[in-house]
Amino acid sequence: MNFDYKKVLIMGYAKSGLAVEEILKHIHVEYQIYDKSHRINGGGYLNKLSKKKILEFDLIVISPAISIFNKYVSFAEKSGIKVVGEMEFGYWFTSSPVIAITGTNGKTTTTSLTQKIVSTSFSSSAYGNIGTPLCEAYGLTLDYLVCEVSSFQLESTYSFSPYISVILNIAEDHLDRHKTFENYIRCKLGLIKNSTEKSLIVLNADDELLMKRTQNVKAKIYYFSKFKKVKGVYLSGDSIIVNMSSKRYEILKLSDIENLKSVIEDVLASIVVGVLLKIEPDKIIESIKSFELSPHRMSLVLEKNGVKYIDDSKSTNVHSTLNALSVSNKNTILMLGGSDKNLNFDEIFLKYSDKLTHVVAFGSARKKVLKSAKHCGFENILVCKNFYEGVKTAYGLASKNDTVLLSPSCASFDEFESYAKRGEQFEKIIKELAHAKN
């Protein structure tokens, strides 16, 4: 591309910032780096930032962790300085077509499965929120780049225009970051704002909000659905049906992939992408049958004395917990809580109170969970100050045929650095308690 910027500021020096830096080094553009959590010595690094300093740059590249509401970002934009995210910046430097996947839930699973399917027939790799910055694709020639794209990344993309865009669902999340649900919706729909008549879009036909907000999109749209016949891929009883390009056929049976029932929407979306790329059905089927869910997504950590202990720590919003409860049994002890993201828990109690024998509320969101339970008339709730006490309480409540489900609907940052650390601790505590009872 024709890069006209003379001096660049990299804001955020984690993995994405390092990847941006490598490109700037290669194209010989002057840059400096600012990260308030890292004090780094050297001429290229800033340990302080000011509005006066901001005016020295004509481009700022921000990491996903930095909000567009950041005071320096806001000042830069008001001053006419271009501000873009790492994903937008990386997109400028690739000529490979992008398959981009977003949604409130299921992004990582769908990206991983889609990449597995695509790689059976094309050179491809996964980038974005899944862990590898898109900037690391610089200099590579691949048939496709499969990108997981979060709302944090989408709020600072402008020219990003995938060949295939997949939107899995939209539900309330990250309101602590985006301020309003409408802002969050706009970020998610930003994935398809640059779509053209040559673009391909894959949407969840069961998501009413998504259907309503995509009625006037200029692109070829295909759908996936658990409940109705669509142009795309859908469930019909035990059959997964492909209905595309004037062909209709069963590609797989749901009963053949029991381990993926909790993420069936992600599977359907991935099949649509595979069929659009004309990948042989046998390769799609084999990819799905051999696919394993990532840790902390409906993972069975222990089954003892007729009780199942399930780690779904990756469920950090209400929509994801609702999905988990939809496949859980009718004797579920649910652990809810953690770091509050300004979400409403009412739907959990209104929709699944018949499945819940008890709810254990823990962490900084515990009072809000309790308030929601009372508001919905749910009485079997216990409140624990921290995660450890919550796990002990849930374990003590469980009896034969129960399921203890950690599906918190909240982030982990009040006690843990990540949902993964929280899930690991859940498994550790459960196994220690089980061993102590022997």
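Where a number appears in this text, it was derived from the coordinates with a stated rule and is not lab data. Keep in mind it's a predicted model, so treat the numbers as computed, not measured. Here Cβ is always computed from backbone atoms with ideal geometry, including for glycine, and neighbour counts include all displayed protein chains.
Anything over 19 Å Cα to Cα? Flag those among 261/308; 15/71; 7/53; 107/198; 355/437; 6/52, in the order listed.
Numbers: 261/308 17 Å; 15/71 23 Å; 7/53 12 Å; 107/198 24 Å; 355/437 27 Å; 6/52 17 Å.
In this structure, 15/71; 107/198; 355/437 exceed 19 Å between Cα atoms.
Given R0 = 35 Å, the distance between the Cβ atoms of residue 45 and residue 179 translates into a calculated FRET efficiency of 0.65. Taking the centroid of alpha carbons for each part, the range 78-101 and the range 141-164 are 8 Å apart. Globularity index of the range 299-436 is 0.92 (Cα radius of gyration / 2.2 N^0.38 Å, N = number of residues).
Could you give the length gained on full extension between residue 386 and residue 30, defined as 0.36 nm per residue of separation minus the Cα-Cα distance, in nm?
Details: separation 356, 0.36 × 356 = 128.16 nm, distance 4.76 nm.
Stretched out fully, the residue 386 to residue 30 stretch lengthens by 123.4 nm.
Return the Rg/Rh value of the chain, two decimal places, where both radii are evaluated on C-alpha atoms and Rh is the Kirkwood radius. Spell out each step's value before the answer.
Values: Rg = 22.9 Å, Rh = 23.2 Å.
With Rg and the Kirkwood Rh in hand, the quotient comes to 0.99.
With a cut-off of 14 Å on the backbone N, the residues of the range 63-95 near the modelled label site 7 Å out from residue 1 along Cα-Cβ are 82-95.
The overall shape of the range 94-289, judged from the alpha-carbon gyration tensor, is oblate: a/c is not under 1.5, and a/b is no greater than b/c.
Modelled spin labels at residue 255 and residue 434, positioned 7 Å past Cα toward Cβ, are 2.9 nm from each other.
Which order do the peptides 6-13, 196-203, 116-123 come out in when sorted by mean C-beta neighbours inside 10 angstrom, highest first?
The peptides rank, most packed first, as 6-13, 116-123, 196-203.
About its Cα centre, the dipole of the chain is roughly 780 debye, where the only charges are +1 on Lys and Arg Cβ and -1 on Asp and Glu Cβ. When peptides 306-314, 172-180 are sorted by average Cβ neighbour count within 10 Å, with the highest value leading, the order is 306-314, 172-180.
Can you return the aspartates and glutamates within cross-link range of residue 351? Criterion is Cα-Cα under 18 Å, with same-chain partners fewer than 8 residues away left out. Leaving aside aspartates and glutamates fewer than 8 places away in the same chain, those within reach of residue 351 are 172, 206, 207, 208, 379. Once you reduce the range 228-286 and the range 374-438 to the center of their Cα atoms, the two points are 35 Å from each other.
Set the Förster radius R0 to 56 Å, insert the Cβ-Cβ distance between residue 141 and residue 329 as r into 1/(1 + (r/R0)^6), and round the FRET efficiency to 0.05. It would help to have the intermediate numbers written out before the result.
Details: r = 49 Å, r/R0 = 0.88.
That pair, residue 141 with residue 329, gives E of 0.70.
Counted residue by residue at 0.36 nm each, then reduced by the alpha carbon distance between them, the extension gain from residue 344 to residue 74 reaches 94.3 nm. Peptides 182-191, 214-223, 55-64, ordered by how many other C-beta atoms sit within 10 Å of their residues on average, highest first, read 55-64, 182-191, 214-223.
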